[in-house]
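Here's the structure, in structure tokens; my notes come after.
The values are calculated or read from the model by the stated rules, or taken from the named source; none is laboratory data. Fair warning: this is a prediction, and the values are worked out from it, not measured in the lab. So basically every Cβ, Gly included, is an ideal-geometry build from the backbone, and we count neighbours across all protein chains shown. The area values use the complete protein model at the heavy-atom level, side chains included, leaving out ligands, DNA and RNA. Shrake-Rupley method; radii C 1.70, N 1.55, O 1.52, S 1.80 Å.
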Amino acid sequence: MNPLLQKFNTKYNSAPFNEIKEEHYLPAFKELIEISKKEIEKIANNTEEANFSNTIEALAYSGEQLDVVSNIFFNLNSAETNDEIQKIAQEVSPLLSEYSSQISQNEELFARIKKVFDEQEKYTLNEEQQMLLNETYKGFVRNGALLNDEDKKKLEKINMDLSLKSLQFGQNVLAETNNYFKHITDKKDLAGIPDAILAQYAEEAKERNLEGYVVTLQYPSYIPLMTYAENRELRKELALESGKKAFKNNEFDNQNLIKEIVKLRQEKAELLGYKSFADYVLEERMAKSPAKVFEFLNELLEKATPFAQKEIKELKSLAKADGIEEMQSYDHAFYAEKLRKAKYDIDDEELKPYFQLDKVEEAVFGLANQLFGLEFVEINDVQKYHPEVKTYEVRSQKSEYGSNNFVALLYADYHPRKGKRAGAWMTSFKSQKIENGENIRPHISVVCNFTKPTAETPSLLTFQEVTTLFHEFGHALHGILANTQYPNLSGTSVKWDFVELPSQFLENYCYEPEFLKTFAKHYQTGEVLPDEKIQKISDSKNFMEGYQTLRQLGFGILDMTYHSEIAKSLDVKSFDVKNFEDETTSKTNLYPKNPETVMSTSFSHIFQGGYSAGYYSYKWAEVLDADAFQYFKENGIFNPEIAAKYKVLLSSGGTKDPMELYKNFRGSEPKVESLLKRAFG
Ligand SMILES: [Zn+2]
């Protein structure tokens with residue numbers, strides 16, 4: 001018997017980890033894909049006339065067990081993987097993508113969806129149902145469902161070309177990164193570099209059978225060099241090499257690929273009826289239109305520029321004392337580090353004894369209790385995928401979601417292991433939904449890589465790890481408090497530029513002395529974290545914030561401009577990537593331009609990854625979280641009325657337009673001033 005193909009006979013129908021063996025996955029996937037396909041066929045070939053319930057709703061609830069098993073499998077592939085699981089993942093991924101493209105290309109199914117969409121006046125739909133209908137219909141249309149056969153073929157060809165060219169772009173950047181290394185034999189040339197980094201450089205040399213040291217263009221090697229090397233010529237050389245990546249007119253040059261990718265994206269957008277690729281992307285974002293994004297970026301640029309200029313002025317005077325008359329971009333990190341050290345040096349090791357993992361966890365649970373009335377009770381009768389995982393029953397003080405006080409199941413997996421990937425993330429094993437009148441509560445998981453406790457010392461966190469836990473727990477609350485009808489609009493299933501609000505919002509509490517002092521206590525002496533250390537933490541958070549803001553805005557403006565209507569008239573022969581970039585980023589650049597370097601040719605975020613017409617969202621999300629927290633600050637950071645309004649925002653998931661949700665909570669649109677106030681006082 002394959003446990004993945006049965007109804008889980010466990011507490012809360014949680015994943016039966018003890019019974020699942022690796023050999024169960026592949027047959028379960030194959031069978032569940034077949035079952036789901038039959039469900040889709042049944043919806044598509046229904047002889048009854050299409051209506052909201054037998055088409056849109058039926059589709060939303062279809063493929064339930066396949067989702068559950070996919071979640072278990074892919075969550076484990078991130079948190080507790082091995083060669084066998086990775087091998088299965090390679091077999092399963094194409095099966096799943098074939099399955100989903102079969103759905104999006106199912107013409108009978110789309111015909112029924114379109115009928116319901118076109119006749120929507122016939123139905124009395126609530127707000128969430130209306131959203132589900134729109135999103136379902138748009139999902140198909142954006143994949144080309146309304147195109148004639150010839151245009152469908154064109155779209156398919158464009159998508160294929162785009163994925164190949166994006167892949168090639170990334171491979172070129174990788175090759176250019178790996179093809180260069182700097183061999184250094186005289187240790188004097190590396191003056192200023194910390195010992196731990198020197199050891200890493202020596203290791204790199206050894207791997208190449210060389211004496212001395214090797215520095216590469218990989219970030220863990222390159223960034224420390226730019227930050228610490230006193231040798232200005234060396235910094236210059238490395239910065240030039242890095243800036244010339246895929247911009248040398250050799251076989252790895254990305255200039256033509258940029259033009260081709262930009263052109264193809266524009267063609268795709270036009271084929272689907274949009275003015276530009278940015279219009280196509282932003283239709284599905286909180287920001288909605290390129291005009292809104294440009295307005296946002298330019299407003300922030302105008303207001304942050306004076307702060308950035310002030311910071312650079314301070315750095316320039318430091319550099320001048322070293323005899324540098326004209327500071328260059330390759331001097332920035334070095335002098336910024338010098339200044340940071342002089343002003344706010346604060347050591348991770350100094351802070352760690354004050355941040356015991358158990359106490360930080362207790363604090364974040366306490367915060368959720370104070371804001372939303374949630375209680376976290378550790379339980380031991382739920383199966384786990386690893387003994388280190390902790391399980392909690394999340395309860396509400398009053399019965400809000402049905403007959404009892406159960407809100408969610410929470411898994412917490414804090415420490416690194418061989419089978420766990422790096423970083424920290426929130427995920428879910430089961431999403432929340434209401435089906436047949438029953439509110440089925442979610443199973444949420446938080447996964448981190450914090451230092452393990454030893455026999456003598458508990459797990460102690462750096463301050464950055466403290467904020468990481470709050471961040472992921474903020475995402476977790478978005479999942480835990482979910483209270484919607486349909487699983488695909490539940491919890492974190494929100495627009496892409498809205499999803500980081502709950503996580504970044506919670507991080508703000510880590511900088512509030514009043515709250516910090518309740519849990520930042522020395523694990524041996526019980527001493528509360530001293531005020532001057534708290535001050536240093538918040539000062540160093542905002543260090544060089546103006547410069548960083550302008551840098552991010554430069555990337556954002558460049559990304560948006562590439563994907564705006566200029567692509568329409570872009571002539572591949574005469575278009576000059578370097579000129580275009582220099583002009584577009586002229587206001588965000590604070591140092592002299594170098595004629596030999598460019599950033600576009602290694603801008604993998606937008607030409608290889610999924611951030612095209614989306615880079616702005618980093619800053620956008622910061623404005624959202626700063627503005628939301630500002631509201632609390634003005635009225636008390638634990639203010640119950642505001643917390644209640646915020647809970648509505650979290651519970652609503654993707655059922656409402658995010659700007660509407662935000663305005664209902666805040667009373668107005670998010671304001672750039674809140675971010676400026678937080679960053680610059
Ligand atoms: Zn996040």
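Based on every Cα atom in region 431-582, Rg and the maximum pairwise Cα distance Dmax equal 22.5, 70 Å. A simple spin-label model places the labels of residue 86 and residue 634 5.2 nm from each other, with each point 7 Å out along Cα-to-Cβ. Measure out, as a whole number of angstrom, how far apart the alpha-carbon centroids of region 619-641 and region 373-442 sit. With region 619-641 and region 373-442 each reduced to a Cα centre, they are spaced 26 Å. The orientation-averaged projection of the convex hull spanning the C-alpha atoms of region 256-368 amounts to 13.9 square nanometres.
Determine the sum of side-chain charges near residue 584: Lys and Arg each +1, Asp and Glu each -1, restricted to other residues whose C-beta is under 13 angstrom from that of residue 584.
Every neighbour counted, the sum reads -2.
Normalised size of region 497-570, defined as Cα radius of gyration per 2.2 N^0.38 Å with N residues, equals 1.76. So what is log10(I(q)/I(0)) for region 129-281 at q = 0.11, 0.18 1/Å, when the Debye sum runs over its Cα atoms only? Here log10 of I(q) over I(0) equals -0.64, -1.01.
Volume per residue for region 218-262 equals 88 cubic angstrom (convex hull of Cα atoms). For the pair residue 196/residue 539, report the inter-label distance in nm, with labels modelled 7 Å from Cα in the Cβ direction. That separation, rounded to one decimal, is 2.3 nm.
Semi-axes of the equivalent ellipsoid for region 612-674, please: Cα gyration tensor eigenvalues, times 5, square-rooted, ordered largest first, whole Å.
Values: eigenvalues 84, 48, 16 Å².
For region 612-674, the ellipsoid semi-axes come out as 20, 16, 9 Å.
Suppose every Lys and Arg Cβ carries +1 and every Asp and Glu Cβ carries -1, with no other charges. What dipole size does region 1-133 come out with about its Cα centre, to the nearest 20 debye?
Details: 12 positive and 24 negative charges, 38 e Å.
Roughly 180 debye, rounded to the nearest 20.
Region 417-479 has equivalent-ellipsoid semi-axes of 30, 13, 11 Å, by the square roots of 5 times the alpha carbon gyration tensor eigenvalues, sorted largest first. Ligands, DNA and RNA aside, residue 568 has an accessible area near 110 Å² when probed at 1.4 Å.
Scattering from region 464-513 was approximated by placing one identical point on each alpha carbon and applying the Debye formula without solvent; log10 I(q)/I(0) at 0.17, 0.28 1/Å stands at -0.52, -1.01. By the Stokes-Einstein formula, at 0.692 mPa s and 37 °C, region 575-623 with its Kirkwood radius over alpha-carbon pairs has D equal to 265 µm²/s. Here each label is just a point 7 Å from Cα along the line to Cβ, and for residue 574 and residue 185 those points are 5.3 nm apart. Computed extension length for residue 589-residue 105: 169.7 nm, one decimal, from 0.36 nm per residue of separation with the Cα-Cα distance subtracted.
For region 545-602, the share of alpha carbon pairs falling in successive 5 Å distance bins from zero is 4, 17, 28, 26, 15, 7, 2, 1 percent.
So what is the orientation-averaged projected area of region 513-554, using the convex hull of its C-alpha atoms, in nm²? So the Cα hull casts an average projection of 3.9 nm². Residue 83 exposes around 120 Å² of accessible area when a 1.4 Å probe is run over every protein chain in place. With the alpha-carbon atoms of the chain aligned to their principal axes, the span from lowest to highest coordinate is 82, 70, 55 Å, starting with the largest.
For the set 425, 496, the ranking by accessible area, highest first and with no ligand, DNA or RNA atoms included, is 496, 425 under a 1.4 Å probe. Shape class of region 76-207 from the Cα gyration tensor (axes a ≥ b ≥ c, square roots of the eigenvalues): prolate, since a/c reaches 1.5 or more and a/b is larger than b/c.
Counted by Cβ distance under 9 Å from residue 55, the other residues give a net charge of +1, where Lys and Arg count +1 and Asp and Glu count -1. Mean projection of the Cα convex hull over all viewing directions, computed for region 1-111: 7.9 nm². Taking every alpha-carbon pair in region 577-681 and binning the separations at 10 Å intervals from zero gives 12, 31, 26, 19, 11, 1 percent.
Give, to the nearest whole percent, the P(r) tail of region 167-224 beyond 16 angstrom, counting all Cα pairs.
Working: 732 of 1653 pairs.
Within region 167-224, distances greater than 16 Å cover 44 percent of Cα pairs.
Across region 8-66, the volume of the C-alpha convex hull divided among the residues equals 90 Å³ per residue.
Name the shape class, rounded, prolate or oblate, that the alpha-carbon gyration tensor gives for region 329-473, where a ≥ b ≥ c are the square roots of its eigenvalues, rounded holds for a/c under 1.5, and otherwise prolate holds if a/b is larger than b/c and oblate otherwise. Don't skip to the end; give the middle numbers.
Numbers: a/c = 2.24, a/b = 2.01, b/c = 1.11.
In terms of gyration-tensor shape, prolate.
Averaging the sequence gap over all C-alpha pairs within less than 8 Å and six or more residues apart, then dividing by the number of residues, gives region 489-585 a relative contact order of 16 percent.
Where a ≥ b ≥ c are the square roots of the eigenvalues of the C-alpha gyration tensor, would you call region 218-309 rounded, which needs a/c under 1.5, or, failing that, prolate if a/b is larger than b/c, or oblate?
Numbers: a/c = 3.38, a/b = 1.48, b/c = 2.28.
Verdict is oblate for region 218-309.
In region 296-344, taking the dipole from charged Cβ atoms about the Cα centre, the farthest positive-side position among 298, 328, 318 is held by 318.
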